[in-house]
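Values quoted throughout were computed directly from the atomic coordinates according to the rules given, and no laboratory measurement underlies them. The structure presented is a predicted model; accordingly, all values stated were derived computationally and were not measured. Note: ideal-geometry Cβ built from the backbone for every residue, glycine included; neighbour counts use all protein chains shown.
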Amino acid sequence: MKILLFALLLLGTTAAHAQNTGKYCEVRVYRPGFDKYTASVNYGDKGDNSNNFIKDKDGEKIKFPTRISAVNYMTAQGWVLASSDYNPHTNETHFYMKKE
């Protein structure tokens with residue numbers, strides 16, 4: 001009985017660990033002044049990613065009409081929304097995204 005319990009516990013731990021594979025990023029979306037929304041991406045591979053803005057093919061910052069349009073842009077790049085939070089003091093939304 002103890003062997004069966006140990007095997008089930010080991011299997012459950014392995015399955016839980018397997019679910020945490022993939023790559024994650026944080027997308028910070030904010031609105032400077034009354035302009036459209038700007039987004040920067042933190043892939044976790046560098047120190048400060050606050051100036052890692054989402055840019056178009058010409059290297060210009062993409063201005064998004066809404067916060068969700070930045071999320072839609074990232075999902076078109078293959079990312080999936082995992083979670084989000086909003087800070088009312090800074091008026092920033094952080095979207096946490098995952099790519100398998």
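Pull out the extension gain between Y24 and S84, defined as 0.36 nm times the separation in residues minus the alpha carbon to alpha carbon distance; nm, one decimal.
The Y24-S84 span can extend by a further 20.3 nm.
Spin-label point model (7 Å from Cα, Cβ direction): what's the N72 to N51 distance in nm?
Between N72 and N51, the simple spin-label model gives 3.1 nm.
Which values of log₁₀ I(q)/I(0), to two decimal places, follow from the Debye formula for segment 22-99 at q = 0.12, 0.15, 0.22, 0.25 Å⁻¹ with a uniform point scatterer at every Cα?
-0.30, -0.48, -1.07, -1.36
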